[in-house]
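Notes follow once the structure below has been shown.
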Amino acid sequence: MGPDPAAGLAVPALVDHHCHGVVAAELADDALAGLLTESDRPPAPGCSPFDSALGLAVRRWCPPALGLPAHAPAAAYLARRRELGAAEATRRLLAAARLDTCLVDTGLTAAAGHALLPPSELAEAAGALVREVVRLETVAEAVPAGAGDWPRAVAEALAAAATGAVAVKSVLAYRHGLAVPAERPARAAVVAAAGARLRAGRTRLTDPVLLHHLLWTAVDVCAELRLPLQLHTGFGDPDLDLHRADPSLLADFVRAAEPGGVPLVLLHGYPYHRQAGWLAQAFPTVYTDLGLTASYTGPRVAAVLGEMLELAPFGKLLFSTDAYGLPELFLVGAEQFRHGLGAVLAEWQADGACSAADARRIAERIAADNARRLYAL
Amino acid sequence: MGPDPAAGLAVPALVDHHCHGVVAAELADDALAGLLTESDRPPAPGCSPFDSALGLAVRRWCPPALGLPAHAPAAAYLARRRELGAAEATRRLLAAARLDTCLVDTGLTAAAGHALLPPSELAEAAGALVREVVRLETVAEAVPAGAGDWPRAVAEALAAAATGAVAVKSVLAYRHGLAVPAERPARAAVVAAAGARLRAGRTRLTDPVLLHHLLWTAVDVCAELRLPLQLHTGFGDPDLDLHRADPSLLADFVRAAEPGGVPLVLLHGYPYHRQAGWLAQAFPTVYTDLGLTASYTGPRVAAVLGEMLELAPFGKLLFSTDAYGLPELFLVGAEQFRHGLGAVLAEWQADGACSAADARRIAERIAADNARRLYAL
Amino acid sequence: MGPDPAAGLAVPALVDHHCHGVVAAELADDALAGLLTESDRPPAPGCSPFDSALGLAVRRWCPPALGLPAHAPAAAYLARRRELGAAEATRRLLAAARLDTCLVDTGLTAAAGHALLPPSELAEAAGALVREVVRLETVAEAVPAGAGDWPRAVAEALAAAATGAVAVKSVLAYRHGLAVPAERPARAAVVAAAGARLRAGRTRLTDPVLLHHLLWTAVDVCAELRLPLQLHTGFGDPDLDLHRADPSLLADFVRAAEPGGVPLVLLHGYPYHRQAGWLAQAFPTVYTDLGLTASYTGPRVAAVLGEMLELAPFGKLLFSTDAYGLPELFLVGAEQFRHGLGAVLAEWQADGACSAADARRIAERIAADNARRLYAL
């Protein structure tokens, strides 16, 4: 690997171990911009989601894929995208991302009110192998069952859904936060809580007893099927209480689940990615990820990625785009990673901190090898 | 904007959206040094507040304004300052800051035992337009009222004080921390707490029920007068429990206050400025700020400012000095911002992350445009 | 100090104010690698502790001391180490660290199942002056006493152990976390908790009442003997609940202990080192430290050290290696510090943020002067 970051990381194939589908339909400009922020609200006066670190990254990497110069203004980019049509733009952007494999969380089926491309069509448009990640809470919320049957029914539904998938994913961070007790909830408490939910006619799972039971159900199913369990951690949309999504809150659960050997993959983590790195070093079962952090921090990707590499073992950090809704986010995620990791490793070599061979090996691991080993791809 | 950071940011006018008055009197050396630290205690053995990141910044930017070379020793600087006299030194330092507009928190009226210049005299010395920010707790603590009258009396006092001001500011972070419940306190609880305070003969407001009621009173008054509400977050003096000043603890309050549309401006934030950036991205009503972080981190300003720009929308980050007591802190705050943001944006351009036009626009927004729009200046 | 970081910091002598002993015996490769991670578990599939930021630092600094080129592969390094024998390798590595003085925590007497060199032999091998740091909880756990006698007996044992030592150290962060109440536990509560521990036949101290009483006992003994009290904060092994080791949780205790004047030295701190820096600025009694952070973050040492220097007064940050078990960790800790601080200060000078004289003075303080003053060496 030479001092040119881009050259250095041109080689490794990319396995995107956590992403979502993209909208196939034409999107209005506002709807498209609305997918460039974690906010689900209208922008504040004078603000556009393009005026952000992520917006800069989109304008850096995407216009060239549509035949415009890098840093083309947002309006020019949107006009060109309309001119090409959503299908052609999607095809170009996904192809430019040069992804080898995508592990798709199928728990979300729409964005900005439009259906997402099903995995098979995403695979074709991206020219990538696509495998499924099952979303725990989505599966459980679709289970019709009486309170007494609920534990068995969700376990069966999850086992059925996860068969053939490569991982299970939990969004517990959004629902109640990551301070999970060390003990599994007692069966009686679970049945009581399931009954209360049934009587209240709620679909959405927010009760901590049910959520924690569900997490342990996922541990059991993953142990049986030999799958990793992905957990959202760190920043997300306005639903989230950020401080409850600190992955270090998971320590009791991590220790309790450790004997079963199920790998726990902490997604994103920012701004608690250093905490996630410590967990990955301290516990053999814990892995961590770049996720949407690499895209959302735009010009700062190398600095943030450097922070992730402080404590996380090089065999336990994984590349992902967490792209959702827009094909742009696949291209941005991939290029931000190539550029950012290239910059980090070029700096390390220039500083004498590692050899060219070390740098190449680190890049290959994070780009693909760690994911291939972890998900048995 | 070229690769020279200083040149790049020479243009934008600066609106300092949060600062305090300065001492007009001559200060003893120790008293002056005591205003260069968040501590209100005597320094530890062998330590001087000048031996710090902020001290380096003072010695970098201030000696030239008084006719000495940059990095002059502290003793030489203090001698030169005495030689010129406080009035002349103040005039020179404030003029060198080249501030366009200052929004002054008038809640503090003294520093190191000396009166602060009133806003009108600060305006004249700085050659800047000065507008007032009203401090919520200071106004409320001056209200004489029986328990039953307290809610109405503080609302009236705040409305009166805020009329003609450009914002209200709360120091709740110092008094009880930022974990504000989503619900307004019940009137009966407020009256009971006001009665207890009255019986105890306390002036200082520390009861959480009264503090939370007061915050909601500020929301109401700000909504009525169409003013933003500033909130201290992050580091400060030894009174503070730092972990209770994490702005992410405000999420329940932010969501509860959102329908009223009052802008909430999170001041300083460090070391939780990434959390503040997320809130600014997730919620249209939330803004965030540089504040004393840019001055106190001295040589590290570009790195910290880079972190602030990771998630905060470019239309929602605001420049301020948070200068208090010393005219040096106005000059340091302004130069640290010009130099630090210049360095960040020069690096982004050199890296290909944004265009020169993008960099110029980002600088103009943070320097002044965002404040002008937010405070309707 | 010139622009060459290595040259710039070749001068200052190093006082390592917090470290442990090293294993004198030959270690199997796995056992040696096991001392290069905070984990006490076997590595995850495909992972070796050498594949980490710390592993890169070991391969950077240690092979040359054994006659191999920097960045030699781990296997080649381990083979060469065996060829030389543990005693000769230890002598070479410790000598290469060029340490002036080591303050050794004697609370741990073994690593990887092997005895550690006693302080006198470490002194000889390193060519350094060695002084003792007494570990609070280890002393207290060795005290045989009835419940009613326990408070007096541990105070006497600690006073005896600390006489002749240079500091007392607490690992409360591991046992119950750092949220220590402002009030000393009542004597009756302490006796009751000591009785419960006695009846349960426990040696290990985990009861918060006993731990907090012990901390105050240490404050008293340190005040009497005029010694500083070191506290583990931040990351560590899997025993730890990371979020409970945030030093900002100590604020109530810091304020309560302040009148006694005992210096409190916050070790490591990462990823809460910015919080530690604030405490060191706000409270005259608080000091902070580099510790194992400088070694474990490998290529990132300059960035992390920069963060420590944002708020911590230059007279209150101390160098240490926190080396434990391996002589490699003394050499890595010393070289990481020389290189990292050299890089930080060279960058500051290049940026115009400080003068060469300032940089030299900062380096001398952190390297040795602060420790000499604090521990009266």
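Summarise the partner chain shielding of A:232-240 as one whole number: the mean count of Cβ atoms from other chains within 10 Å of each residue's Cβ.
On the way: counts 0, 0, 2, 10, 2, 2, 11, 3, 4.
Partner-chain Cβ atoms within 10 Å, mean over residues of A:232-240: 4.
Going by the alpha-carbon gyration tensor, a ≥ b ≥ c the square roots of its eigenvalues, is the range A:136-190 rounded (a/c under 1.5) or, if a/c is not under 1.5, prolate (a/b greater than b/c) versus oblate?
Details: a/c = 1.78, a/b = 1.08, b/c = 1.65.
Oblate.
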Placing unit charges on C-beta atoms (Lys and Arg positive, Asp and Glu negative, everything else neutral), compute the dipole magnitude of the range B:258-377 about its Cα centre in debye, rounded to 20. 200 debye
Which one of A:A33, C:A72, B:F235 is farthest out on the positive end of the charge dipole of the protein assembly as shown, using unit charges on Cβ (Lys, Arg +1; Asp, Glu -1) and the Cα centre as origin? B:F235
Would you mind checking which residues have amide H under 5 Å from C:V22's amide H? H placed 1.01 Å from N; only 5 or more apart, or other chain. C:L117, C:G325
Taking all pairs of distinct alpha-carbon atoms in the range B:220-276, Kirkwood radius in angstrom: 12.1 Å
Length gained when the stretch C:L377-C:E141 is fully extended (0.36 nm per residue, less Cα-Cα span): 82.1 nm
Ranking of C:S295, C:S52 by count of other Cβ atoms within 10 Å, fewest first: C:S52, C:S295
Once label points are set 7 Å from the Cα along Cα→Cβ at both B:E156 and B:E347, what is their separation, rounded to one decimal in nm? 5.5 nm
5 Å is the cut-off here: which amide hydrogens, built 1.01 Å from N in the peptide plane, fall below it relative to C:T233, excluding neighbours closer than 5 in sequence? C:L267, C:G269
Between B:E364 and A:D239, what is the label-to-label distance in nm when each label sits 7 Å out along the Cα-to-Cβ direction? 3.9 nm
Summing -39500 (n - 2.57) over every DSSP H run of at least 4 in chain C, dividing by its residue total and rounding to the nearest 500, the 222 nm mean residue ellipticity is -13500 deg cm²/dmol
Would you be so kind as to identify which of B:H114, B:G85, B:C102 lies farthest towards the positive end of the dipole of the range B:43-128, taking Lys and Arg as +1 and Asp and Glu as -1 on Cβ and the Cα centre as origin? B:G85
Distance between modelled label sites at B:E26 and A:A75, nm, 7 Å Cα→Cβ extension: 6.0 nm
In the protein assembly as shown, with Lys and Arg counted as +1 and Asp and Glu as -1 at Cβ, which of these residues, A:T321, B:A161, A:A125, has the Cα nearest the positive end of the dipole, that is, farthest along it? B:A161
Shape of the range B:68-208 from its Cα gyration tensor (a ≥ b ≥ c, root eigenvalues): rounded if a/c is under 1.5, otherwise prolate when a/b > b/c, or oblate? prolate
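Placing +1 at every Lys and Arg Cβ and -1 at every Asp and Glu Cβ, with all other atoms neutral, what dipole size does the protein assembly as shown have around its Cα centre, in debye to the nearest 20? Write down the numbers at each step before the final one.
Working: 96 positive and 120 negative charges, 118 e Å.
So the dipole magnitude of the protein assembly as shown works out to roughly 560 debye.
How crowded by other chains is A:301-313, given as the mean number of beta carbons from other chains within 10 Å of each beta carbon?
On the way: counts 3, 2, 6, 4, 0, 6, 7, 1, 7, 15, 13, 2, 14.
What the average comes to for A:301-313 is 6.
What fraction of the DSSP beta bridges in the protein assembly as shown is antiparallel, stated in percent and rounded to the nearest 5? Each step should come with its number before you reach the end.
Values: 9 of 84 bridges.
If we restrict to bridges inside the protein assembly as shown, about 10 percent are antiparallel.
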On the principal axes of its Cα set, how long, how wide and how thick is the protein assembly as shown? Give whole Å, largest value first. 78, 73, 61
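Give me a single rounded figure for B:275-287: the average over its residues of other chain Cβ atoms within 10 Å of their Cβ. If you can, show how the numbers build up before the last one.
On the way: counts 5, 0, 6, 10, 3, 4, 12, 12, 4, 8, 2, 3, 1.
Counting Cβ atoms of other protein chains within 10 Å of each residue's Cβ and averaging gives 5.
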Phi-based couplings in Hz for the range A:140-146 (Karplus 6.51, -1.76, 1.60; Gly and Pro marked x): 5, 6, 8, 7, x, 7, x
If we count other beta carbons within 10 Å of each Cβ, what is the order of B:R81, B:R255, fewest first? B:R255, B:R81
Residues B:E88, B:E38, C:E328 in order from fewest to most other beta-carbon atoms within 10 Å are B:E88, B:E38, C:E328
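Name the helices (complete DSSP H segments) of chain B with a Cα length along the long axis of 24 Å or more and a Kyte-Doolittle mean of at least -1.0, or state none. Display every interim value, and only then the final one.
Details: long enough: B:208-225 (25 Å, 1.17); B:327-350 (35 Å, 0.31).
Helices passing the filter in chain B: B:208-225, B:327-350.
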Over 26 Å apart: what share of the alpha carbon pairs of the range B:225-377 falls there, rounded to a whole percent? 23 percent
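Under 1.5 on a/c is rounded, so check that first for the range C:86-125, then, if it is not, pick prolate when a/b is larger than b/c and oblate when it is not; a ≥ b ≥ c are the square roots of the alpha carbon gyration tensor eigenvalues. Display every interim value, and only then the final one.
Working: a/c = 2.27, a/b = 1.26, b/c = 1.79.
Taking the square roots of the gyration eigenvalues as a ≥ b ≥ c, the range C:86-125 is oblate.
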Once the Cα atoms of the range A:265-345 are picked out, what are the Rg and Dmax in Å? 11.9, 36
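Efficiency by 1/(1 + (r/R0)^6): what FRET value for A:T163 and C:D149, r their Cβ-Cβ distance, R0 = 60 Å, to the nearest 0.05? Before the final figure, lay out the partial values.
Numbers: r = 63 Å, r/R0 = 1.05.
Efficiency at R0 = 60 Å is approximately 0.45.
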Could you let me know the centre-to-centre spacing of the range A:132-162 and the range B:58-116, using Cα atoms, in angstrom? 67 Å
For the axis carrying chain A to chain C: nearest C-beta residue of A, whole Å: A:A303, 4
The percentage of Cα-Cα pairs in chain C separated by more than 33 Å is 29 percent
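State to the nearest 20 debye the size of the charge dipole of chain C about its Cα centre, where the only charges are +1 on K and R beta carbons and -1 on D and E beta carbons. It would help to have the intermediate numbers written out before the result.
Values: 32 positive and 40 negative charges, 66 e Å.
Using only the charged Cβ atoms, the result is roughly 320 debye.
Bear in mind these aren't lab numbers, they're just calculated from the coordinates by the rules spelled out. Every value quoted in this text rests on a predicted model; they were computed, and no experiment measured them. Neighbour counts run over all protein chains shown; Cβ positions are idealised from the backbone, glycine included.
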